[in-house]
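The values are calculated or read from the model by the stated rules, or taken from the named source; none is laboratory data. These figures come from a predicted structure and were not determined experimentally. Cβ: placed from backbone, ideal geometry, glycine included. Neighbour counts: every protein chain shown. Side chains are part of the model used for accessible areas, which takes the heavy atoms of the whole protein and leaves out ligands, DNA and RNA. Shrake-Rupley method; radii C 1.70, N 1.55, O 1.52, S 1.80 Å.
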Amino acid sequence: MTKVEINPGACGFLVTVIASKMGPRGADIAIQTECEQVNEMASMITHLTVQDMLGFPFGEDIVYQAAKKVIRHASCPVPCGIIKATEAELGLAVKQNAFIHFIEG
């Protein structure tokens, strides 16, 4: 099981993504949040496979296509976090934190 927490910033809706490996090439996805948009997207992507995420031009995979239907803020980091959690769970990426930091000055 791989669990990630995503703090999208100003909206204040924290998101927890849990990816649980099911077979060699797929994972069940559970998402916990108070964000209605992310919850609607979550209902569309309860299981992801390697084929669902890799080999597509950016934004054309299943996760971003689901996000495109319901997420109304282009800078929402949740779709990326879902993919990162799933890739890590399936051994396609290392479990490494990613950040966006604003630098004053």
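Hey, if we sort Met22, Met53 by accessible area with the 1.4 Å probe, largest down, what's the order?
Ranking Met22, Met53 by accessible area, largest first, yields Met22, Met53.
Could you state the per residue volume, in Å³, of the convex hull enclosing the Cα atoms of the range 1-88?
Given the Cα convex hull of the range 1-88, per-residue volume reads 79 Å³.
Please give the net charge around Ser43, taking every other residue with its beta carbon less than 12 angstrom from that of Ser43, where Lys and Arg add +1 and Asp and Glu add -1.
Working: positive: Lys69; negative: Glu36, Glu40.
Here the count lands on -1.
Determine the order of Arg25, Arg72 by accessible area, beginning with the largest, at a probe radius of 1.4 Å.
Sorted descending by solvent-accessible area, the residues read Arg72, Arg25.
List the GluC sites (Glu not before Pro) within the range 22-70 that DSSP assigns to loop and that have no more than 13 neighbouring Cβ atoms inside 10 Å.
Glu34, Glu60
Taking the full set of protein chains and a 1.4 angstrom probe, give the accessible area of Val15 in square angstrom, rounded to the nearest 10.
The value for Val15 is about 0 Å².
Could you pull out the chymotrypsin sites (Phe, Trp or Tyr not before Pro) across the range 51-105 that fall in loop regions by DSSP (anything but H, G, I, E, B) with no more than 10 other Cβ atoms inside 10 Å?
Of the chymotrypsin sites (Phe, Trp or Tyr not before Pro), the ones in loops of the range 51-105 whose Cβ has at most 10 other Cβ atoms within 10 Å are Phe58, Phe99, Phe102.
Using a 1.4 angstrom probe on the protein heavy atoms only, could you order Leu14, Leu48 from most to least accessible area?
Leu14, Leu48
Enter the accessible area per residue of the chain (Å², integer; probe 1.4 Å; all protein chains in place).
Working: 6900 Å² over 105 residues.
Accessible area per residue: 66 Å².
For the chain, give the percent of accessible area contributed by carbon and sulfur heavy atoms, probe 1.4 Å, rounded to a whole number.
Numbers: 3750 of 6900 Å².
It is 54 percent, rounded to a whole number.
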